[in-house]
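Engineer: Here it is: the structure, laid out below.
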Amino acid sequence: MALERDTGVLLINLGTPDSPTPAALRRYLREFLGDPYVIDLPAPARWLLLELVILPRRPRTSARAYQQIWTPEGSPLRVHTHALARALATRLDGVPVEVGMRYGAPSLASSLAALRARGARRFVFLPLFPHSAAATTGSVRAELERLLTRREAARWVPCFYNEPSFLEAWRETVAPLLDDFEPDHVLASYHGLPERQLRRADRDGDRGLARANCCEAADAAPSGCYRAQCYATTRGLQASLGLDPARSSTSFQSRLGRAPWIQPYTDDALRELAERGVQRLAVLCPSFVTDCLETLEEIGIRAAAQWRELGGEELWLAPCPNSSDAMADALVRLADGAVAFD
């Protein structure tokens, strides 16, 4: 791929705390959950929820979760994202590449400044979010619009939930390991969203949970519907990995609070699969390009423990593509298809 010499590439991920301590988690969660794109309540209600309900307790429990997955090099999400940026840079022939986190360090502002210092006057923004949601792509886009100057031009890599290169990266990462594991069933578990956010994003009123199973049909047009995009990814993975649709399915994890989130929930799906007699369960997390708390701790530790309690023999967590050659090659193709940022 040939990019202009004054172009810089910003590889964007959600973010991570600086250390697995309650103090670091408190700082991170205040920034993350204080974003109105993430908790989309009126500002006074969001402040009360965050300061009086979440922050007094959650930093300690989150710190314990991070401590179980923390590596000598640091947070897995940060380690894998920087490794992927280095792999991408080697393929772009001298074009500067920086990592920016929506929350935490390095911030989007500091990473843009680093690209400017390296001579970039035009940018390709590459968020590592395969699916489109206000809480991820929406928040990142709003922040980048705020940070760009009027003289700077930018292009944006849109969501890539069904892009062949993304599906190929998953196939190359997972296929040989799946063959070795020989699962009875394969579950694709995606990060969930509150139902109200899905409905709010449905401008035409014909998606956003408008009908029962509206996202699941093979002829469903995902458009901007996050849930439909996830089901489209599952169908793509079924095709690329040669999975039997009767022995593979979709669920949604990571819900927070009491409001209804999109279903089926992953913990409910585990119970249903155990009741059906499934013993060897493989779980893929295609919401994520890089492994992180939601994959390694939520699925690899907690869901695996739940599976054993339900009588299952083994739950195997498939690794994300991370900084594999196939994922780096996919990012080159995705950057080549970037669209005008307006």
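Nothing in this text is a laboratory measurement; each read-out follows from the coordinates by a stated rule. Please read these numbers as outputs of a predicted model, since none were measured by experiment. A quick note on method: Cβ atoms are made from the backbone with ideal geometry, for glycine too, and the neighbour counts reach across all protein chains shown.
Engineer: For the stretch 258-271, what does the Karplus curve 6.51 cos²θ - 1.76 cosθ + 1.60, with θ = phi - 60°, yield as ³J(HN,Hα) per residue in whole Hz, taken in order and with x for Gly and Pro?
Structural biologist: Listing the rounded values in order: 9, 5, x, 10, 5, 10, x, 6, 4, 5, 5, 4, 4, 4 Hz.
Engineer: Skipping prolines and chain starts, which residues have an amide H placed within reach, meaning under 5 Å, of the one on residue 291, given they are 5 or more residues away or on another chain?
Structural biologist: So residue 291 has HN proximity to 320, 322.
Engineer: Measure nothing but the geometry: give the 0 to 90° angle between the long axis through the Cα atoms of 325-336 and the longest principal axis through the Cα atoms of the chain, rounded to 10°.
Structural biologist: Result, in degrees: 50.
Engineer: Starting from the stretch 284-342, pick out the GluC sites (Glu not before Pro) whose DSSP state is loop and whose Cβ has at most 16 other Cβ atoms within 10 Å.
Structural biologist: Details: sites: 294, 297, 298, 309, 313, 314; in loops: 297, 313.
Passing both the DSSP loop test and the Cβ count: 313.
Engineer: If you don't mind, there's one more thing I want to ask. May I ask you to evaluate 6.51 cos²θ - 1.76 cosθ + 1.60, the Karplus curve with θ = phi - 60°, for each residue of the stretch 287-299 and list the ³J(HN,Hα) values in order in whole Hz, giving x for glycine and proline?
Structural biologist: 5, 10, 7, 10, 5, 7, 4, 5, 8, 6, 9, 5, 9
Engineer: Another question, then. What is the set of long-range amide H partners of residue 12 at a cut-off below 5 Å, with H atoms built 1.01 Å from backbone N?
Structural biologist: 100, 126, 128
Engineer: While we're looking at this one, here's another question. Would you mind pulling out the separation of the Cα centroids of the stretch 285-340 and the stretch 42-102, in Å?
Structural biologist: Here the answer is 15 Å between Cα centres.
Engineer: What's the angle, to the nearest 10 degrees (0 to 90), between helix 226-241's Cα axis and the longest principal axis of the chain?
Structural biologist: 70 degrees
Engineer: Among 299, 39, 12, which one shows the highest mean-square fluctuation when the chain is modelled as a Gaussian network with alpha-carbon springs under 10 Å?
Structural biologist: Result for the chain, Cα springs under 10 Å: 39 fluctuates most.
Engineer: Follow-up question, since we're still on this one. Rounded, prolate or oblate: which one fits the stretch 5-130, using the alpha carbon gyration tensor with axes a ≥ b ≥ c (rounded when a/c is under 1.5, else prolate when a/b beats b/c, else oblate)? Show your work: numbers first, answer last.
Structural biologist: Numbers: a/c = 3.02, a/b = 1.68, b/c = 1.79.
It is oblate, given that a/c is not under 1.5 and a/b is not larger than b/c.
Engineer: Taking amide H positions as placed 1.01 Å from N in the peptide plane, with prolines and chain starts having none, which residues 5 or more places from residue 188, or on another chain, fall under 5 Å of its amide H?
Structural biologist: Counting only residues 5 or more places away or on other chains, the set is 249, 250, 251, 284.
Engineer: Could you tell me the calculated FRET efficiency between residue 247 and residue 340, based on Cβ-Cβ distance and R0 = 41 angstrom, to the nearest 0.05? Each step should come with its number before you reach the end.
Structural biologist: Values: r = 42 Å, r/R0 = 1.03.
The pair residue 247/residue 340 has a calculated efficiency of 0.45.
Engineer: Right, next: How much length would be gained if the chain were fully extended between residue 275 and residue 151, taking 0.36 nm per residue of separation minus their Cα-Cα distance, in nm to one decimal?
Structural biologist: Details: separation 124, 0.36 × 124 = 44.64 nm, distance 5.97 nm.
Result: 38.7 nm gained on full extension.
Engineer: Could you check the spin-label model distance between residue 116 and residue 263? Points 7 Å from the Cα along Cα→Cβ, value in nm.
Structural biologist: Roughly 4.9 nm, to one decimal.
Engineer: Could you point to the residue in 157, 126, 36 farthest towards the positive end of the chain's charge dipole, with +1 and -1 charges on the Cβ of Lys/Arg and Asp/Glu respectively?
Structural biologist: It is 36, whose Cα lies furthest towards the positive end.
Engineer: For helix 108-117, what angle does its Cα long axis make with the longest principal axis of the chain, in degrees from 0 to 90 and rounded to 10?
Structural biologist: Taking Cα atoms only, the helix is inclined about 40 degrees.
Engineer: How large is the dipole of the chain about the Cα centre if only Lys and Arg carry +1 and Asp and Glu carry -1, each at its Cβ, rounded to the nearest 20 debye?
Structural biologist: It comes to approximately 1440 debye.
Engineer: Right, something else. Counting only DSSP beta bridges with both residues in the chain, what percent are antiparallel, rounded to the nearest 5?
Structural biologist: On the way: 4 of 36 bridges.
Bridges in the chain are about 10 percent antiparallel.
Engineer: Which is the longest part of the chain that has none of the trypsin sites (Lys or Arg not before Pro) sitting in a DSSP loop with at most 14 other Cβ atoms within 10 Å?
Structural biologist: Numbers: sites that count: 5, 57, 118, 150, 151, 203, 211, 258, 276.
Result, exposed sites excluded: 277-342.
Engineer: HN-Hα J couplings of the stretch 180-197 from phi, Karplus 6.51/-1.76/1.60, θ = phi - 60°, integer Hz, Gly and Pro as x?
Structural biologist: Couplings: 5, 6, 6, x, 6, 8, 10, 10, 9, 9, 10, 5, x, 9, x, 4, 5, 5 Hz.
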